[in-house]
Amino acid sequence: MFTIENLNGEYVGGLNLNSIDEKNGTFSLGVQVDRDHRGKGYGTRAINILLKYAF
């Protein structure tokens, strides 16, 4: 589980990796962004960072 924070260090959501299969190189991910922070790119940026981390 990873936390998504804005530049002020405020919690805006979270994401996690699920069903990691190292043999086949697959996984699923879940993203949750608090309602007040949706539409500001936090989820998209967090997914991009997580994909770089995962691969």
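In the chain, the DSSP-assigned H stretches of four residues or longer account for a calculated mean residue ellipticity at 222 nm of -7500 deg cm²/dmol, using -39500 (n - 2.57) per stretch and the full residue count as denominator.
Using only side-chain charges placed at the Cβ, +1 for Lys and Arg and -1 for Asp and Glu, the dipole size of the chain relative to its Cα centre rounds to 180 debye.
Here each label is just a point 7 Å from Cα along the line to Cβ, and for Phe2 and Asn18 those points are 1.7 nm apart. Put simply, when 11-17, 37-43, 25-31 are sorted by average Cβ atoms within 10 angstrom per residue, most first, you get 11-17, 37-43, 25-31.
Working from Cα pairs under 8 Å separated by at least six residues, relative contact order for the chain is 27 percent. Computed over the Cα atoms of the chain, pair by distinct pair, the Kirkwood hydrodynamic radius stands at 11.8 angstrom.
Taking only protein heavy atoms and a 1.4 Å probe, the accessible area of the chain is 49% carbon and sulfur.
The values are calculated or read from the model by the stated rules, or taken from the named source; none is laboratory data. These figures come from a predicted structure and were not determined experimentally. Methodologically, a virtual Cβ is constructed for each residue, glycine included, from the backbone with ideal geometry; neighbour enumeration extends over all protein chains shown. These accessible areas exclude ligands, DNA and RNA; they are computed on the full protein's heavy atoms, side chains included. Shrake-Rupley method; radii C 1.70, N 1.55, O 1.52, S 1.80 Å.
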